[in-house]
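Written below as structure tokens is the structure these notes are about.
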Amino acid sequence: MRTPRTRAARLAGAVIAGLILVTGCGAGTGEPAATGTSAGASAALPAGEGVTEYPLTLRTPFGDTRLDRRPERIAVVTANTLDTDALVALGGTPVFAPSTVDRNPWLDADDIGKIDKLWDAEAGTEVSAEAVAAASPDLIVALAAYETFDQARFDKLKAIAPVLHAPAGELTWQELTRKLGDTLDLTAAARSAVEAAEKSVAKTRADHPEFKGRTATHVIVYDEKYGPYYASSPGSDTALLFEQLGFVLPAAAKKFTKDGTISDELVGLIDADFLLLSTSGDPGYFVDAPLVETVPAVADGRAVVNAQDKKSGTNHFAWGLNVQSVLSVPWLIDELADLGGKAIR
């Protein structure tokens with residue numbers, strides 16, 4: 001998510017917010033600082049590796065906070081679950097996390113059940129500082145924070161606990177996992193988790209040589225009120241995952257870099273060897289439209305519809321593609337390959 005990723009991150013934030021919407025003790029206490037990491041396992045974290053030294057300065061664009069000792073009570077204040085996934089992958093459990101983790105099928109119910117408090121993230125809004133304070137965290141994690149995260153919000157949070165922050169899209173899921181691991185003295189654990197996830201992608205790519213050089217496009221079809229969204233613009237997480245499987249983006253993908261809107265004039269440009277249509281809401285207005293039916297991928301049977309879960313109302317796969325993490329990627333990759341295989345025959 002670097003140069004193109006900054007822009008793509010804004011689009012990803014809009015997609016994530018849309019998926020949410022449609023589906024319906026402080027720093028600087030003056031206590032003696034710990035040196036090194038002799039902390040053992042706790043209810044929230046496995047034993048430290050003895051690599052990270054505290055006090056540790058956490059730098060952000062809004063100012064710095066100081067982590068005096070290895071934390072035990074971690075509050076996650078991002079609604080998109082990337083930070084929560086990374087913490088769970090490291091063997092940790094947050095005391096405070098977004099309710100959107102309930103829609104992550106790659107998380108065990110037991111892992112979710114261990115979280116003390118799930119704050120209501122279904123509307124895609126920011127959690128209140130008061131709710132965070134009530135969880136008594138000694139570290140607040142916002143490593144995939146939306147653009148609404150600003151100086152005022154940072155100031156409120158730093159009054160509660162040290163803040164580990166990065167804007168959404170600044171870090172890849174690999175970088176995010178490693179940054180959290182380094183902060184929690186779980187550097188080796190983070191490295192191992194990332195390597196395992198990357199190996200799953202590499203294996204799937206090796207198993208599907210037929211994808212190499214073929215074009216792929218992902219469109220999320222919301223209710224007609226919100227319209228269809230081009231979700232695989234250059235630099236987006238979905239585009240990167242396609243490319244890691246050997247796919248390439250159609251040349252027309254560059255036409256959808258502003259806001260992802262698919263107007264009638266642009267419908268013909270969604271064509272690809274593998275056209276993935278993920279539905280969230282009632283998709284009939286788009287997938288059954290005569291204009292869409294003339295798209296070669298649709299007419300030739302290279303369009304694959306991935307429907308939302310009827311019971312929960314959530315399209316877990318589309319959600320996963322837009323909240324790619326060290327845990328979601330291994331869960332996604334085989335299904336993505338299966339869907340691609342239905343188009344690339």
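Of the residues that make up segment 124-135, is at least one under 19 Å from residue 319 (Cα atoms), open to solvent by 50 Å² or more (accessible area, probe 1.4 Å), more than 16 Å from the chain's Cα centre (by Cα) and at pLDDT 95 or above? No: zero hits.
Residues that are within 10 Å of residue 60 (Cβ to Cβ) and either of a type in the set (Asp, Glu) or in contact with a Pro (Cβ under 8 Å, 6 or more places away or on another chain) (or both) within segment 130-159 comprise 145, 149, listed in sequence order. If you go through segment 229-256 and keep only what is of a type in the set (Val, Ile, Thr) and either in contact with a Cys (Cβ under 9 Å, 6 or more places away or on another chain) or modelled with pLDDT under 95 (or both), you end up with just 238. The C-beta contact set for segment 317-345 (first residue over 20 Å from residue 169 (Cα atoms), second residue β-branched (Val, Ile, Thr) and in a helix (DSSP H, G or I), distance under 6 angstrom, 6+ apart or interchain) comprises 333/201; 333/204; 337/204.
Results for (1) open to solvent by less than 30 Å² (accessible area, probe 1.4 Å); (2) at pLDDT below 95, shown as yes or no for each residue.
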residue	(1), (2)
275	yes, no
282	no, yes
294	no, no
310	no, yes
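Looking at this structure, is residue 130 part of a loop (DSSP other than H, G, I, E, B) and charged (D, E, K, R)? If you could, list the steps in order and put the result at the bottom.
Numbers: part of a loop (DSSP other than H, G, I, E, B): no; charged (D, E, K, R): yes.
For residue 130, the condition - part of a loop (DSSP other than H, G, I, E, B) and charged (D, E, K, R) - is not met.
Between 225, 203, 212, 199, the distinction of being of a type outside the set (Asp, Glu), farther than 20 Å from residue 320 by Cα and modelled with pLDDT of 95 or more belongs to 212 only.
In the set 102, 85, only one residue is of a type in the set (D, E, K, R) and open to solvent by 10 Å² or more (accessible area, probe 1.4 Å); that residue is 102.
Looking across 140, 160, one residue alone is modelled with pLDDT of 95 or more and assigned to a loop (DSSP other than H, G, I, E, B). It is 160. For segment 29-75, the set of residues classified as open to solvent by less than 30 Å² (accessible area, probe 1.4 Å), on the phi > 0 side of the Ramachandran plot and at pLDDT below 95 consists of 36 only.
For (1) within 19 Å of the chain's Cα centre (by Cα); (2) within 29 Å of residue 53 (Cβ to Cβ), each residue gets a yes or a no:
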| site | (1), (2) |
| --- | --- |
| 101 | yes, no |
| 104 | yes, no |
| 118 | yes, no |
| 160 | no, yes |
| 164 | yes, yes |
| 174 | yes, yes |
| 187 | no, yes |
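I'm checking my understanding of the structure. Among residues of segment 136-158 that are more than 21 Å from the chain's Cα centre (by Cα) and of a type in the set (S, T, N, Q), which one is most open to solvent (accessible area, probe 1.4 Å)? Only one residue tops the list, namely 151.
Considering 268, 320, 301, the condition of being in a loop (DSSP other than H, G, I, E, B) and either open to solvent by 10 Å² or more (accessible area, probe 1.4 Å) or at pLDDT below 95 (or both) is satisfied by 301 alone.
Quick one: which residue in 121, 134, 129 is over 20 Å from residue 69 (Cβ atoms) and touching a Phe, Trp or Tyr at 6+ places or on another chain (Cβ under 9 Å)?
Working: 121 fails: touching a Phe, Trp or Tyr at 6+ places or on another chain (Cβ under 9 Å); 129 fails: touching a Phe, Trp or Tyr at 6+ places or on another chain (Cβ under 9 Å).
Just a single option satisfies the conditions, and that option is 134.
Restricting attention to segment 114-123, which residues are open to solvent by less than 60 Å² (accessible area, probe 1.4 Å) and outside any loop (DSSP other than H, G, I, E, B)? Listed by number, the residues that qualify are 118, 119.
The values are calculated or read from the model by the stated rules, or taken from the named source; none is laboratory data. Given the structure is predicted, the values throughout are model-derived calculations rather than measurements. As a convention, Cβ positions derive from the backbone with ideal geometry for all residues, glycine included, and neighbour counts pool all protein chains shown. Accessible surface areas use protein heavy atoms only, side chains included; no ligands, DNA or RNA. Shrake-Rupley method; radii C 1.70, N 1.55, O 1.52, S 1.80 Å.
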